[in-house]
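Report on the structure given below.
Just so it is clear, none of the values below were taken in a lab; they were calculated from the coordinates. Because the structure is predicted, anything quoted here is derived from the model rather than measured. Here the Cβ positions follow ideal geometry from the backbone for every residue, glycine too, while neighbour counts run over all protein chains shown.
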Amino acid sequence: MRSKKLIGNIMLLVAAILWGTTFVAQSEGMEYVGPLTYQATRSVLGGLFLIPLILFMDLAKKKKGTFVAPSKETKKKTLLVGVLCGIVLTVAALLQQYGIALGTTSDKAGFITALYIVLVPVYGLFLKKKVHPIIWVSVGIAVFGLYFLCIRGDFSVLPCDLVTLGCAAVFALHIVVIDNLAAPLDGVRISCIQFFTSAVISGIAMFIFEEPSFSAIMSGWVTIAYAGILSSGVAYTLQILGQQRTDPAVASILMSLESLFAVVGTIVFTALLGAPKLPTVREWIGCALMFSAIMLTQIPDMIKKK
């Protein structure tokens, strides 16, 4: 059981790394296309990326003789959960995009979005799920870590910040939905369905509210492809697979490390440009607090083992 949780935690950590390094690609991609176009194109790429992976996994199981055709009921439930995850993911991603577009700075956006680490255990209380006291302590430390890591000026709440806060609330809901509905199902198939669901919703809205241009999409294809394949196709799939193996409160803290890796990604990106931007003392404090929070989440399992 412990090794299963460890594998799940590693999956979520890799997802956080990919999400964190996508901030640069995301900001660059938004220079070419609007939020709806960006979400639609990256979602299409994420879904297409997973189709050959699903076929390969099924083929490998058939060769080993372990393939079991899913029942009609399982197929129906997988479709429904995938569509629901896709709807929730679309709302969360668009709220984040529009919050930034309306004026929320990237520093505030990173902090506000990652507040889902507080909301996930709160949602869990409504579902009558017990949360170990140590997890609450680690959540508090992680929030302070995110503050030091992301906020460099006076924190004020503006209308655009409230939009981004809505994004955090919906992302927390996405985590809870996966934790409660996706556990017995094929995580990769659910992920694939959620991306195509998001692509359909965002695509329809894109043609209504924006003027998508193929040339604009091609101009930013590198950043869109990075976000679509790695951040969407790989990272969100790892999120589902990882959450199927670990506690949702721990999962939310692990995924919130995307803010830390956003700092690392910025350092690497600016270093490649010849002008490396090193973290400030506040950012180093934030990194230390985040790391401490992650270590604390492992204590309940260690106590159970003894």
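Among (1) 19.2; (2) 20.7; (3) 19.9, which one is Kirkwood radius over Cα pairs in Å computed from these coordinates?
Among (1) 19.2; (2) 20.7; (3) 19.9, the one derived from this structure is (3).
Taking the simple approach of a point 7 Å from Cα along Cα-to-Cβ for both I134 and S3, what is their distance in nm?
Each label point lies 7 Å from its Cα, and together they span 2.2 nm.
Cα-Cα over 32 Å: which of K4/K72; K130/K277; K5/K128; K4/K277; K4/K128?
K130/K277; K4/K277
What's the exposure ranking of H174, H132, going from fewest to most Cβ atoms within 10 Å?
H132, H174
Quick one: S191, S3, S219, fewest Cβ neighbours within 10 Å first, how do they rank?
Ranking S191, S3, S219 by Cβ neighbours within 10 Å, fewest first, gives S3, S219, S191.
Could you give log10 I(q)/I(0) at q = 0.18, 0.20 Å⁻¹ for the range 175-257, computed by the Debye formula over C-alpha point scatterers of equal weight, without solvent?
Per q value, in the given order, log10 I(q)/I(0) is -0.86, -0.97.
Explain nothing, just compute: Karplus ³J(HN,Hα) = 6.51 cos²θ - 1.76 cosθ + 1.60, θ = phi - 60°, for every residue of the range 173-183 in order, whole Hz, x for Gly and Pro.
After applying 6.51 cos²θ - 1.76 cosθ + 1.60, I find 5, 4, 5, 5, 4, 4, 4, 8, 10, 8, 3 Hz.
Suppose the chain between S213 and I299 were pulled fully straight at 0.36 nm per residue; how much longer would it get relative to their current alpha carbon spacing?
Gain on extension, S213 to I299, equals 25.8 nm.
Sorted from fewest to most neighbouring beta carbons within 10 Å, what does the list F207, F269, F23, F195 look like?
Fewest-to-most Cβ neighbours within 10 Å comes out as F207, F269, F23, F195.
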